[in-house]
Each structure stands twice: as structure tokens, then as C-alpha cells.
1. How many of the residues in segment 363-405 are among the β-branched types (V, I, T), in contact with a strand residue (DSSP E or B) (Cβ under 6 Å, 6 or more places away or on another chain) and within 14 Å of ligand 2 (Cβ to nearest atom)?
2. Taking segment 298-322 as the region of interest, how many residues are open to solvent by 30 Å² or more (accessible area, probe 1.4 Å) and not hydroxyl-bearing (S, T, Y)?
3. Could you tell me which residue of segment 299-315 is nearest to ligand 1 (Cβ to nearest atom), considering only residues that are among the aliphatic types (A, V, I, L, M) and more than 11 Å from the chain's Cα centre (by Cα)?
4. Might you check whether a residue that is of a type in the set (A, V, I, L, M), within 20 Å of R350 (Cα to Cα) and buried (at least 16 other Cβ atoms within 10 Å of the Cβ) occurs anywhere in segment 250-263?
5. Please go through segment 104-136 and pick out each residue that is closer than 28 Å to G213 by Cα and modelled with pLDDT of 85 or more.
6. Would you mind finding the one in R336, R295 that is of a type in the set (K, R), open to solvent by 30 Å² or more (accessible area, probe 1.4 Å) and in contact with a Ser or Thr (Cβ under 9 Å, 6 or more places away or on another chain)?
7. Residue by residue through segment 377-405, note down the ones that are open to solvent by 20 Å² or more (accessible area, probe 1.4 Å) and near ligand 1 (Cβ under 8 Å from one of its atoms).
8. Out of all the residues in segment 101-111, is one or more assigned by TED's automatic domain parsing to the domain that holds Q60, part of a loop (DSSP other than H, G, I, E, B), open to solvent by less than 40 Å² (accessible area, probe 1.4 Å) and more than 24 Å from L224 (Cβ to Cβ)?
Amino acid sequence: MNLKLPAPIQRFTTDSDAPLQQGAYRSALRDERLAAILGASLGILFSICFVTGLYSHIQQHPLSWLPIPARPAGLYRFTQGLHVVFGIASMPVLIAKLWLVWPRFVSFPVAKTISGLVERIGVFPLVAGGIFMTFSGVANIAQWYPWRFSFTASHYWMAWVTMGSIVAHVGAKWIITRRALARPSRRPALAEADPVLGTTAEAAGAGGLSRRGLLTTVAAASGLLTLTTIGQTVRPLRRLGLLAPRDPATGPQGRPVNRGAANAGVVDLAQSAAYRLEVSGRVARPMSLTLDQLRALPSHDTVLPIACVEGWSYSAPWRGVRVRDLLAMAGADPDRTILIESLEPQGAYRTSTLNSGQAADRDTLLALSLDGEPLALDHGFPCRLIAPNRPGVLQTKWVTKVVVL
Ligand SMILES: Nc1nc2c(c(=O)[nH]1)N[C@H]1C(S)=C(S)[C@@H](COP(=O)(O)O)O[C@H]1N2
Ligand SMILES: [Mo]
């Protein structure tokens, strides 16, 4: 062979129209069309994760000017299921894309033009962001926190950084991507582009895997990851959920639990004869009800999901007292925001709020029973909030106060 050049790596260029495959990194797989297909797939997956993630963020940090509607009841379960499923499915695509383009990260000269330099610097938040978003998301659903910073805050802010760099990257690569996607792959194209180092035969043989083969492998890996995790939210597939952190049918009353009564420190408080449900705040007639009084109120049945932000969910039949009935009894103004408070002495999930539309919904309940049995202690005994279109973290357990704000 004619490998006489001192360092093939130095023959790299980084401007956007440069051939992707060069010198030491020669492989038939490193071609623009493949990079474009993987890039476009990642762009779509990440965009869906971004939109559904933003929705989840607004659910948990309500905006007064954009009240979350109570319907459709299963919307959050669906959007958060997509968020987690597509986040997981993006992993093999991200790995393949990074493998495909990494020679560019280590190429010299750094850039030949100013725009090339800008583009090159812009790749850093793109790559770091993509890796961070998938890694932190997957670690979170596995309930593994190998870091000291807040998961929600960092995942949220990095999403903006990542999405911003994706938009910039798409802008920079638009023409070359469209061109690459429009024409069929020309196997020898890259080797031809490197007349000194490459020959067609060499390049084509280098990877041992065809471009179609690589795409099929990536798609199969994504599909397999999806199939082995989606059982945590699609119940008929739960037997396939080998990699799913949760089984939607395992736990007290055959339902999973996130934080149990012992962890929350409410075991005694929840079972005490001194338990009361108080309705207070801006009401005409404040109330303090014993559990028996609460049970004696008219009750209502509904089937609603618990949809955890971590992507697992279950739908269940609940029975309890409508929040709107309690508010009417206490003489509350119907336009108010309602604060729901738990017996839990501390912790991020001890309270949640209902906007006026959510509070007025006929299926917004303080549930006393699940599957026709009194709530298990771990599911929020004596009573818990259950309401339509809501993340699990806002379905407050061990409720003791309803405060009209
Ligand atoms: N008071 C209180 N309510 C809570 C929690 C909590 O930690 N404390 N966890 C929430 C979370 S994150 C979820 S997903 C649901 C799970 O409900 P389950 O444990 O009954 O399945 O409860 C929610 N309600
Ligand atoms: Mo949750």
C-alpha cells in the first residue's frame, strides 16, 4: 500500500462540505448519507423528547397564563410514555452517529474558515448535550443518581442547550443533508475523494458491515430496547419488560409504589385516630372531617392512570370523594387554585396544586379505595389525590389538607 504520509490525521478538514471519511478513519460506513439518516432520526427522536419533556416541565411548574387542562385524561400518560420510550430508543442511534463522525472531532486543522470554526465549536454542546440528556434520563428511570446536582433542573436546562445546538446544527447542515438524503448511496464516493489513501476496494472492505447493515442493526437495537422496556407502561407487554425498571403489576394491591409510607415517615400519622381531613383557606365554612365522616360522603368511581415521570404507569379503578363536592360544601369560590397537602412532614412531593379547571373536574377525587379495597398504606391511606391528565408526582398521597388559595 501507499501509506507513506506521516500522519493521515492531518489531512482532515472540518468544513461542512469536506468528505467524511479520511485517512486513518477509513471505513465504507463513514459516508454522508448514512450520517444524514442517523442525524435526521436523532433530530426527530430528540425533538419529540423535547416537546414531551417541556409539557412535563409545565405540568410540574404550572404557568398561571397556561393552565393545564384536565382532559384528555390519559394525555400525560401518553406523552411521558413517548418521552421515555423515544429517549431510550435514541441511545443506539446516538452511539452510531457519534462513532460515524468522531474522526471529525479530532481532525486538524481545527477549521479553515470562520464559519467552519463556529460550526466546530457548536458541535461541543451538541455532543455533550446529547450524551448528557440520554445518560441522565436513563439513569433517572433506573433510579440511579451518580451525581450530586438536581436531575430535574439539569435535565431541563441541558434540554434547551441541546435543542439549541440541534437547531444550529440543522441550519449548518441543511443543504448537505438534503443532498445526501436525496441521492442514493454511492459506495465508492468517499474513497474516491481520497485519492492518496483510499481505494474503493480498501474502503468498502474496511468495515465488514454494509451501510444498510449498520442501519438495520441500529434500528433493531432501538426496537429491542423499546420492546424490553415499554412493558412498564403498556401492560400487555409487561412480560417482555426485561430491562424495564418497573413491573406495572408488582407492589401492594398488585400496583407499583414509588415512595412508600415508611420512607415518607407517615406510618403512624396515617393510621392515627387523630387523622383529620381539613378543608380550609378562603372558604365560608372550614371543615375538619374524621375518616368515618369522609367515608360517609357521596362517593364516585373512576378509572384513571398513575403515570410516573419515570415512564412507568398503571391504570386503575378508584373510588372516593369529589374535590369539587368538598369545595362546594365548604363554600369555596370556584375560580381558585387549590393546594393539596400530605401528612408527609417534608419532601418535594408533599404538596401539589390543582388549577380551578382541574379541581372542578368530575373525576378529580380524594380516593379512599383502589380496586375496590381500602387504599394500602403505601398507596396513600387514608386518602390520596387522583385526577385526570396529571404526572404521578402530583397525585399526592396521605392527603390531610385541602387549602383554597
Ligand atoms: N405525599 C406523597 N405523594 C406522592 C409521592 C410522594 O413521595 N409523597 N410520590 C408520587 C409519585 S412520584 C408517584 S409516581 C405516585 C405513585 O403512586 P403509587 O405509589 O400509589 O403507585 O405517587 C405520588 N404521590
Ligand atoms: Mo413518580
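1. Residues that pass the stated criteria total 2.
2. The number of residues fulfilling the criteria is 8.
3. The residue in question is I306.
4. yes
5. V123, L126, V127, A128, G129, G130, I131, F132, M133, T134, F135
6. Within the list R336, R295, the selection yields R336.
7. Answer for segment 377-405, where residues must be open to solvent by 20 Å² or more (accessible area, probe 1.4 Å) and near ligand 1 (Cβ under 8 Å from one of its atoms): D378, V393, L394, K397.
8. Yes, there is a match, as at least one residue in segment 101-111 is assigned by TED's automatic domain parsing to the domain that holds Q60, part of a loop (DSSP other than H, G, I, E, B), open to solvent by less than 40 Å² (accessible area, probe 1.4 Å) and more than 24 Å from L224 (Cβ to Cβ).
The values are calculated or read from the model by the stated rules, or taken from the named source; none is laboratory data. Please read these numbers as outputs of a predicted model, since none were measured by experiment. Quick reminder, even Gly has a Cβ in these numbers, built from the backbone with ideal geometry, and neighbours come from all protein chains shown. Heavy atoms of the whole protein, side chains included, go into the accessibility calculation; ligands, DNA and RNA do not. Shrake-Rupley method; radii C 1.70, N 1.55, O 1.52, S 1.80 Å.
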